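Accompanying notes for the structure given below.
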Amino acid sequence: MEKHYPAARALFEITPEIEHLAELCEKNTAIDKELYTKYEVKRGLRDLNGKGVLAGLTNISDIIAKKVVDGQEVPCEGELYYRGYNIKELVKGFLDADHYGFEEITYLLLFGELPSEKELKKFHDTLVERRTLPPNFVRDVIMKAPSRDMMNSLSRSILNMYSYDAKADDTSIPNVLRQCLNLISQFPMMMVYGYHAYNYRMGEDLFIYAPKPELSTAENILMMLREDRQYTKLEAKILDMALVLHMDHGGGNNSTFTTHVVTSSGTDTYSTIAAAMASLKGPKHGGANIKVTQMFEDMKKNVHDWEDKDEVRQYLCDLLDKKAFDQKGLIYGMGHAVYSVSDPRADIFKKFVKQLAAEKGYEKEYALYETVEHLAPEVIGEKRRIYKGVNANVDFYSGLVYSMLGLPQALYTPIFAAARIVGWSAHRLEELKNVDKIIRPAYKALAEHRDYVKMEDR
């Protein structure tokens, strides 16, 4: 049997034959970029000014990046609304009332209304009773072949939940809501346990803590993650706010659009959320905050005087010239597909980042971030043709926040997912309620039609 099958290691090698076939693939896959303009194709489903192709309707969240002045659209300070409420007012509301916001804003996004104190307490209890995993799930699923990439590990855990659900394929609203509430509640456990399982496989101690019913989602994440179970109130508050800021961002972001597309096919909730996870994992989407952190780590090694703006500017120029960091020509954390002037999530974050930096002794790092935020738009404007403004996005500061919280980089994107799963759930329910049509956009075929040639004549 062995001579008929390649050695297992060959499955993971790029052989000369694969290299040859890849060249063939690239040669016959390439499309002249000018054709996108000729046929008015909206690459990324956006025009040069960042305006998206209208693909659906939503009540869940809204993004404002432009306003009409004297009949003309002009860029404005970015605004984000959840169910019609300005995100800045929502954050101020739960901070002033001194309670955690994740559960309250989850209720708002799913059900369209802010809960009363009684409703919030009942909803918190509903989430608490769902903070459990099937018997032996940690041993049989999470501990088996743990992945170095937590997003892949989490996707596998989510897909495995299908096997435990007798009504997995029922797409009625009550059943899908049940599934979504389960996953929202279970996700932090899957995330933290998956991280510990991989570290255990790498030789570290294993500790698995059950969530505490009296704690908020943010508090439980910190408690379950840390061996001593300790965290400060400021740490929990900032993580809670980070979760709220990442919950949703209009219907057009890549992972939420994925949720709509996959939901429209009629598939189950677990497959839908796993598909959204695959989208969020990408470095151009949820994985961007890791890139920001890694970029700054490289910057701190190569910029000798962090207070020297000329030296910082030169490093940014080297980034754009593909001479520094990963040679991709990007300043990570700068710019957004929609916002031109400012990202409201970054504005909110920034106010609390400074406070956390003072508590953690990160003042110099924070000052460097501020310098880059100020200089980057200038440098980009000098070196690139830009069609709209460039500003710091939420990923610019979230990586620094997570670093100061002592969170491992492996969990940066999963924490984004722990928040965004709320938005995905709300959008899945909205798609099921309102649209009974599969999403199928058009692509223009460019290949010429050819006559088949027999093997012996090729």
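The values are calculated or read from the model by the stated rules, or taken from the named source; none is laboratory data. Everything numeric in this text was worked out from a predicted model, so none of it was measured. FYI the Cβ positions are ideal-geometry reconstructions off the backbone, even for glycines, and counts take in every protein chain you see. Surface areas here come from the heavy atoms of the whole protein model, side chains and all, with no ligands, DNA or RNA. Shrake-Rupley method; radii C 1.70, N 1.55, O 1.52, S 1.80 Å.
Observations, loosely collected:
- Residue match in segment 226-235 (condition: closer than 30 Å to G56 by Cα, open to solvent by 10 Å² or more (accessible area, probe 1.4 Å) and not in a helix (DSSP H, G or I)): no
- One residue stands out in segment 139-155 among those that are surrounded by fewer than 19 Cβ atoms within 10 Å (Cβ to Cβ) and under 23 Å from the mean Cα position of the chain (by Cα): the one that is nearest to I184 (Cα to Cα), namely N152.
- Residues satisfying the stated conditions in segment 304-325, i.e. of a type outside the set (D, E, K, R), without any contact (Cβ under 8 Å) to a residue 24 or more places away in the chain and either open to solvent by 30 Å² or more (accessible area, probe 1.4 Å) or in a loop (DSSP other than H, G, I, E, B) (or both): H304, Q314
- Count - residues of segment 158-172 that are touching a residue at least 24 places away in the same chain (Cβ under 8 Å) and either open to solvent by 70 Å² or more (accessible area, probe 1.4 Å) or under 18 Å from the mean Cα position of the chain (by Cα) (or both): 5
- Of everything listed in (1) more than 28 Å from G266 (Cβ to Cβ); (2) open to solvent by less than 10 Å² (accessible area, probe 1.4 Å); (3) within 21 Å of the chain's Cα centre (by Cα), the single unmet condition for A197 is (3).
- Matching residues, segment 85-96, being open to solvent by less than 60 Å² (accessible area, probe 1.4 Å) and more than 17 Å from K350 (Cα to Cα): N86, G93, F94
- Check on R385, charged (D, E, K, R), in a loop (DSSP other than H, G, I, E, B) and closer than 29 Å to E73 by Cβ: yes
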